[in-house]
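The values are calculated or read from the model by the stated rules, or taken from the named source; none is laboratory data. Since this is a predicted model, take the numbers as computed values, not measurements. Positions of Cβ are backbone-derived with ideal geometry, glycine not excepted, and every protein chain shown enters the neighbour counts.
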Protein chains: 2
Amino acid sequence: MIIDCHGHQTIVPQPHLDYREAQKARLKDPSLPVPPRPDMSDDEIREGIEANQLKLLKERGHDMTIFSPRASRMEPHVGDAQTSLDWSVACNDLIRRVMDLYPDTFIGVCQLPQTPGGTMENSVQELERCVTELGFVGCNLNPDPSGGHWNSPPLTDRYWYPFYEKMVELQVPAMIHVSGSCNPAFHATGSYYIAADTNAFMQFLQGDLFKDFPDLKFIIPHGGGAVPYHWGRYRGLADMLKKPDLAEHVMKNIYFDTCVYHQPGIDLLFDVIDIKNILFGSEMVGAVRGIDPQTGHYFDDTRRYVDALNLSDEDKYNIYEGNARRVYPRLDAYLKSVGK
Amino acid sequence: MIIDCHGHQTIVPQPHLDYREAQKARLKDPSLPVPPRPDMSDDEIREGIEANQLKLLKERGHDMTIFSPRASRMEPHVGDAQTSLDWSVACNDLIRRVMDLYPDTFIGVCQLPQTPGGTMENSVQELERCVTELGFVGCNLNPDPSGGHWNSPPLTDRYWYPFYEKMVELQVPAMIHVSGSCNPAFHATGSYYIAADTNAFMQFLQGDLFKDFPDLKFIIPHGGGAVPYHWGRYRGLADMLKKPDLAEHVMKNIYFDTCVYHQPGIDLLFDVIDIKNILFGSEMVGAVRGIDPQTGHYFDDTRRYVDALNLSDEDKYNIYEGNARRVYPRLDAYLKSVGK
C-alpha cells in the first residue's frame, strides 16, 4: 500500500464556502442570525474530490490519504472561540462524509478549534469527538493560532499539556501545521509553514517534553521545514544546550514527511534522517500545484523522488505504509479491521 | 585568498559590555547619567580576537573575515531609537579598531541603528558614516527589529527604499540578519535566524524589488535558511505567482553563504544553487561552537565541507574569493589598493 500521510481537502463544495462567508459576515454584523450548518449532497462532495485528489491519487498510484481540512483555511485567528469551534466542526464533519464516500481511500485527521490566547479545552473535546465518534486517526495542531504573530507559548509549555494527555489517551499523533498568515510579512505556504515546522523542532530540542510524554508523537510536515538541511546545526545546538543526542532526545517522537518538491531535497532528507522517522506525504492538492518544467511532472508528485532513491523493499514498505501504521495506530487498527 | 563573508565579534572587551549594561540600567532608571563611550586599550581588543577568531582563522587557513558586531546583541528592540543609535555607533567603532589592529585580516560590515516602528533615517546616516569614514564594505540589515514579533513591512515595501537608495549609491550589499529573540517561542540561532532567512527570500520572490533596484545585493546567510532544501517549492511558487524563473527574478541579486554545518547540507547547497550565488562563510565564532563527534572537527569549520566538494580551481576561486570581491566592490577596491 501507498499511504500519503499529508492531504488536505483544498477543494470543497460551495455550500461549505458559503457557510464560512456567512460566519464571517456575522462577525462584522452580529445582528445577523447564526448561519445554519451547510447542507450539501454526496454528489457535490464527490465532484471536488474526484476531479482533484482522487484523480491525482489514481494517476500516481497511491492507495490512501490521511486527510484533513484545508490547512490555510483553518484560520483560528478569525473571530472568537465559538467561531473556531463551529468552523472546525463543519470542516471535520465534511471530512467524515468524504470517509463515508471513499472508505478505502480517505481517513480523517481533524482540525482543532484553537483560538489565540484561549485554552485547549475545546480542542480536547473536538479531538475526542473526531476520534471516538468519527473514526479519525490524528489531528493537526497549530503552534501559532494567531496567524503569524507567534504569541503562543512554546510547544513544550504546560499550556499544551491537557491536549497532549488526550492525544496519548486516544493514541493519536499530531501533525504540526499552522494555517493561513494574517501577517503581511509571511507568505503562508512559502515561508510561514516552513518557519513553523523548523520552530516546532527547535522548541522540542530546547525542552524535555518527551520525558513527560514518552508516547507523544508529532509529524513535522514539509520535510521537517529547514531541519534536515541544517541537521549539523541542530546536532551542534543540542550539544551546546547539553541535551542528549537527537536520536535519543527527540527522534523517538518526531517524524518528517516527504513534502519536499525536488529530488536533491528528498535525497538529503533520506541521507540524514533515519528511515523510521520519515513518512510518505505529498500535500496534494496543496501549496505547489504546477508542473516542473525541468522534469515534466508535478512538483508535488513526491512518489517519483522517493522511488528514484531505489530503496530496499523493507525501507520502501516502511516509508509508504509501515511507518504510517506505526505512527497512527488507529489507522493500523482500521486497516486490519477491513482485512488489510 | 580565503575570505569568510560572515564573522561576528562575538567576544568583546569588558568595557564594551559594561557600556551596554549602563545603557540598559539607564533605560530602567532615566535619572542615571548618559554613560560615557567605552574606553579600552588595544591589548584588551587583541585579547578577545587573538584567542578566538584569529586563532581559528589561522588554524583553518582562512585569510580574511568580513566582520560585523555580534548579531544576537544588536538588539534594536531594546530601548528607543537613541539607544539603538548609541549602541550601534559603539559597536561599529569597535569593529573599526579591530580593522586598525589587523588591516590584512578583518574588514568591517556595520550594525544599523534600526528601531521597531521607526524610520530608516538613522540607518542611512550610520551606513554612510561607516562606509565613507570607517572604510566598511557592507551592512547587516535586520528585517525584524522587533526581536521576534515580525511586525515590520516586507523587505519589498517602500519603507525600506531610502535605505536601499543609499546602499546602491555607496555600492554596498546587505546581509539579512535578525538579532536576538525576545519572543520565547523563538530560539535565536536555532529557529529565528533560519526563519528570517527563508522569509526574506520569499518576500523577494513575491515582490519585484529588483526591477526598482537592479544593482541591489543581499546575502542571505545560514545557507539561505530553508531555501535550497525547498528549492523545488520556490521554483513552483514562482510559477504559481506568475513570476519569472528564479534565475532571472531574484538570483541576480541574492547570494547565500555556506554556514551549513554538515556535509550533506553543503552538498545540497552546491547541487541546486549556482556557484556564482554562493559565498564562503562560517559565522565563526557563532551559533555552534562545538566539535562534531561524527567528524572530530568543529561543526562550523565549513571550509572542510567545501573542500570536500573537489571543485574546479575556478569554482574554488569564486567561492573563496572572487564572488566576495564581486558582491562587495569596496572590498575588492580595498584589496587592490594594498596590492592584493
Can you spot a residue in the stretch A:311-327 that is part of a loop (DSSP other than H, G, I, E, B) and farther than 19 Å from A:Gln9 by Cα? yes
Where residues in the stretch A:50-72 are in contact with a helix residue (DSSP H, G or I) (Cβ under 6 Å, 6 or more places away or on another chain) and not in a strand (DSSP E or B), which of them is nearest to A:Thr105 (Cα to Cα)? A:Arg60
Out of everything in the stretch B:100-123 that is crowded, with 18+ Cβ neighbours inside 10 Å and assigned to a helix (DSSP H, G or I), what residue ends up being farthest from the chain's Cα centre (by Cα)? B:Asn122
How many residues does the stretch B:237-264 hold that are touching a His at 6+ places or on another chain (Cβ under 9 Å) and more than 12 Å from B:Met202 (Cβ to Cβ)? 7
Selection status of B:Ala25, more than 20 Å from B:His177 (Cα to Cα), in a helix (DSSP H, G or I) and among the aliphatic types (A, V, I, L, M): yes
Could you check B:Glu75 against (1) buried (at least 19 other Cβ atoms within 10 Å of the Cβ); (2) of a type in the set (D, E, K, R); (3) in a helix (DSSP H, G or I) and say which number it fails? (3)
Unmet requirement for B:Ser84, which otherwise passes all of (1) within 26 Å of B:Met120 (Cβ to Cβ); (2) surrounded by fewer than 20 Cβ atoms within 10 Å (Cβ to Cβ): (2)
Over 29 Å from A:Val168 (Cβ atoms) and either surrounded by 24 or more Cβ atoms within 10 Å (Cβ to Cβ) or among the basic types (Lys, Arg) (or both): is that true of A:Tyr261 in this structure? yes
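Among the residues of the stretch A:43-78, write down those that are in contact with a Pro (Cβ under 7 Å, 6 or more places away or on another chain) and of a type in the set (A, V, I, L, M, F, W, C).
Scanning the stretch A:43-78 gives a single hit, A:Ile45.
Take residues that are within 17 Å of A:Trp160 (Cα to Cα) and either touching a strand residue (DSSP E or B) at 6+ places or on another chain (Cβ under 6 Å) or more than 8 Å from chain B (Cβ to nearest Cβ) (or both) and tell me which of the helices (runs of 4 or more DSSP H) falling wholly in the stretch A:191-274 contain 2 or more.
A:193-206, A:209-212
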Condition set part of a loop (DSSP other than H, G, I, E, B) and within 13 Å of another protein chain (Cβ to nearest Cβ), scope the stretch B:293-303, selection surrounded by the fewest Cβ atoms within 10 Å (Cβ to Cβ): answer is B:Pro293
Select from the stretch B:279-292 the residues that are modelled with pLDDT of 95 or more, more than 8 Å from chain A (Cβ to nearest Cβ) and surrounded by fewer than 24 Cβ atoms within 10 Å (Cβ to Cβ) and write down the one among them that is farthest from A:Arg233 (Cα to Cα). B:Phe280
Filter the stretch A:312-325 down to residues that are touching a helix residue (DSSP H, G or I) at 6+ places or on another chain (Cβ under 7 Å) and more than 15 Å from A:Thr65 (Cα to Cα) and give me whichever is surrounded by the fewest Cβ atoms within 10 Å (Cβ to Cβ). A:Asp315
With criteria (1) in contact (Cβ under 8 Å) with a residue 12 or more places away in the chain; (2) on the phi > 0 side of the Ramachandran plot, B:Asn310 comes up short on (1)
From the option list B:Pro143, B:Pro153, single residue qualifying as under 21 Å from A:Ser146 (Cβ atoms) and exposed (fewer than 15 other Cβ atoms within 10 Å of the Cβ) is B:Pro153
Taking A:Gly135 and the conditions (1) in contact with a strand residue (DSSP E or B) (Cβ under 8 Å, 6 or more places away or on another chain); (2) crowded, with 18+ Cβ neighbours inside 10 Å; (3) not in a strand (DSSP E or B), which numbered condition does it fall short on, given that it satisfies the others? (2)
State whether the residues of the stretch A:306-325 include one that is among the aliphatic types (A, V, I, L, M), touching a Leu at 6+ places or on another chain (Cβ under 9 Å) and away from chain B (no Cβ under 14 Å). yes
Exactly one of these conditions fails for A:Val168: (1) within 13 Å of chain B (Cβ to nearest Cβ); (2) β-branched (Val, Ile, Thr); (3) under 18 Å from the mean Cα position of the chain (by Cα). Give me its number. (1)
Any chance A:Lys211 is surrounded by fewer than 21 Cβ atoms within 10 Å (Cβ to Cβ) and under 19 Å from the mean Cα position of the chain (by Cα): no
